[in-house]
């Protein structure tokens, strides 16, 4: 029996093994059509005497990337993912059908097996995988937990500690790690090959189906010692990006181990349904969708992109070194150019140190580190960039310095080479204006550390041509970054909004708040760091120098710097430090009070509620201006920038999402109140915030 490959499920029988091949798009999302087709195929095979076992397969790119998340957004019924009905079995029912099947089922994993896809594979009686396969349960990144038995089956295969690590971080594991952990039983180059069929046939001939839910060896120790799961999860819970989903997942894992698989399944389902209806999960699903929308900016033609084989980086400092590592990690040969030998040597030594740290932590093998290092060379001569396809400038944030660098590059690189600036604030148009070919210039604003942080603001200048934009954008994606296209203005999107928040934080100190209170409010909201902790870590002297050069002031920050308090590096900033341990400093409180008094400001008690609104609502207001000016294409682009570049808590959805769910009318009213209270007209509602509430709710680009 053979069925055509174009069907959503293809079926053939080889040597007594029925190969079921899922063929539902590139990622085999487990929507109702595919679930129904799999269910029908298994029902047909259950009584077929010619079938001794089953080999369940996917596409080369994906065994299955998981559930169709659009079904989570269906009305009260919850869609086919949550309830069975006319649309077919839900995922839990399909998983149970696989696990209870009377003949051994082997899952043959290629590409990725993620979320519901891995839950389906874990329900099989055995698993084989290609050496390049990757497996994971990423539901936590959507504010969810596995909802089809994953919290019960994974610990039974790999043990509680490994299972908790995968579930609470959402990270993928390699096929080799999965084999070591017991998640897969064998590695076979092609899980659909004759070799794999023979493996499945032998498994079917020699073993009765053993349900994963009945395997208890890996959880016996934890089951005998209640509280083990909570203890093992404590560290991951402290680091969780969504503590609500993490708590829910831990409860489900605990119930499945300490009581029974069935009880754990009940808890898992209760917590899944609670989370899928939560605002935290809705926010993270919004970001998931917004990130994918950001991959398709207007007028981007991916086919116009030039292939980058060789790259140059100007500057071997912190940013330049990070960008160099990110490029080399993607297999791109990189030449780093510095003006002085000492700076170049320091930069290359730091790269080597960073690689050694990654090897010691196990995130890279020594062979990988050596291969990456072999792609990096240093130079003091721009002529060594002659064959580059892309050069990224990461020099000091000074317009004249950057213009001089680009003028020099003009003389040394070919006309097809794309020139990018990593500037944080400066005009790409002014940088490009001094070049011979301004169309090949764009911004690629990385975030520190550039080899770690995922965001790149790809800045489209007035003259940037299609090939340049496409090259910058596709290269950012190639090196594993999340690119978002923006247009030119001071600070682009992220830093322009950050500047507004920083101004309000300074004002709050002058009016009556203290650094510890302000930082605590943002951390309670979900940020990893508050603005003053962040300033101390980055170094207060950097902003001080920039303000003096631009004729600007920040009274409290300037006073700290004048007192030699530059942050962690001097042991004193907004806080006092013992190593990296910070503590409130009475000297800072007195300094702030003195500055307020000298400015004639009468200090008052400021509530945490006001602090939060004063920090966030002006940012939202600036986001409204950014949209009105066309600097960002969509509100979702702003949300992605803040989530990926500034550690905005994902379960809050980004500033524009937060505004829409707090209430646009409320945000506008509070901005008017604070504008009157502080006599700051810049706080008056702008852009869509200034419009009629009904019209605002339907404004283009606004998340709804």
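The values are calculated or read from the model by the stated rules, or taken from the named source; none is laboratory data. All values derive from a computational prediction rather than experimental measurement. Glycine gets a Cβ as well: all are built from the backbone with ideal geometry, and neighbour counts include every protein chain shown.
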| Checking residue 393 against (1) touching a residue at least 40 places away in the same chain (Cβ under 8 Å); (2) out of contact with any helix residue (DSSP H, G or I) (no Cβ under 7 Å at 6 or more places or on another chain); (3) surrounded by 14 or more Cβ atoms within 10 Å (Cβ to Cβ), the condition it does not meet | (2)
| field | The one condition in (1) at positive phi; (2) assigned by TED's automatic domain parsing to the domain that holds residue 594 that residue 524 fails to fulfil | value | (1)
| said: Any residue that is under 30 Å from the mean Cα position of the chain (by Cα) and either free of Cβ contacts under 8 Å to residues at least 40 places away in the same chain or assigned by TED's automatic domain parsing to the domain that holds residue 684 (or both) - is there at least one of those in region 584-605? | reply: no
| How many residues does region 413-449 hold that are over 15 Å from residue 487 (Cβ atoms) and surrounded by 24 or more Cβ atoms within 10 Å (Cβ to Cβ)? | 7
| field | Residue among 261, 288 that alone is buried (at least 20 other Cβ atoms within 10 Å of the Cβ), under 30 Å from residue 165 (Cα atoms) and in contact (Cβ under 8 Å) with a residue 60 or more places away in the chain | value | 261
| Residue that is touching a strand residue (DSSP E or B) at 6+ places or on another chain (Cβ under 8 Å) and surrounded by 24 or more Cβ atoms within 10 Å (Cβ to Cβ), where the choices are 126, 200, 186 | 200
| Is there a residue in region 399-407 that is under 20 Å from residue 494 (Cβ atoms), surrounded by fewer than 18 Cβ atoms within 10 Å (Cβ to Cβ) and in the same structural domain as residue 333 (by TED's automatic domain parsing)? | yes
| message | With the structure loaded, tell me whether residue 497 is without any contact (Cβ under 8 Å) to a residue 60 or more places away in the chain, crowded, with 19+ Cβ neighbours inside 10 Å and under 21 Å from the mean Cα position of the chain (by Cα) or whether it fails that test. | response | no
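A quick yes/no check of all residues on (1) modelled with pLDDT of 95 or more; (2) assigned by TED's automatic domain parsing to the domain that holds residue 130; (3) under 19 Å from residue 103 (Cβ atoms):
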{"residue": "15", "(1), (2), (3)": "no, yes, yes"}
{"residue": "23", "(1), (2), (3)": "no, yes, no"}
{"residue": "27", "(1), (2), (3)": "no, yes, no"}
{"residue": "33", "(1), (2), (3)": "no, yes, no"}
{"residue": "47", "(1), (2), (3)": "no, yes, yes"}
{"residue": "59", "(1), (2), (3)": "no, yes, no"}
{"residue": "63", "(1), (2), (3)": "yes, yes, no"}
{"residue": "66", "(1), (2), (3)": "no, yes, no"}
| query | So how many residues does region 331-353 have that are in contact (Cβ under 8 Å) with a residue 40 or more places away in the chain and surrounded by fewer than 18 Cβ atoms within 10 Å (Cβ to Cβ)? | reply | 3
| task | Pick out the one residue from 476, 450, 462 that is under 16 Å from the mean Cα position of the chain (by Cα) and without any contact (Cβ under 8 Å) to a residue 40 or more places away in the chain. | result | 476
| said: Here is a check on your reading of the model: is residue 163 touching a residue at least 24 places away in the same chain (Cβ under 8 Å), part of a helix (DSSP H, G or I) and out of contact with any helix residue (DSSP H, G or I) (no Cβ under 8 Å at 6 or more places or on another chain)? | reply: no
| request: Of the numbered conditions (1) in contact (Cβ under 8 Å) with a residue 40 or more places away in the chain; (2) crowded, with 17+ Cβ neighbours inside 10 Å; (3) touching a helix residue (DSSP H, G or I) at 6+ places or on another chain (Cβ under 7 Å), residue 9 fails exactly one; give the number of that condition. | output: (1)
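Yes/no matrix, rows are residues, columns are (1) closer than 23 Å to residue 413 by Cβ; (2) in the same structural domain as residue 461 (by TED's automatic domain parsing):
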| site | (1), (2) |
| --- | --- |
| 255 | no, no |
| 271 | no, no |
| 283 | no, no |
| 299 | no, no |
| 316 | yes, yes |
| 335 | yes, yes |
| 344 | yes, yes |
| 350 | no, yes |
| Would region 538-554 turn up any residue that is modelled with pLDDT of 95 or more, within 35 Å of the chain's Cα centre (by Cα) and not assigned by TED's automatic domain parsing to the domain that holds residue 673? | no
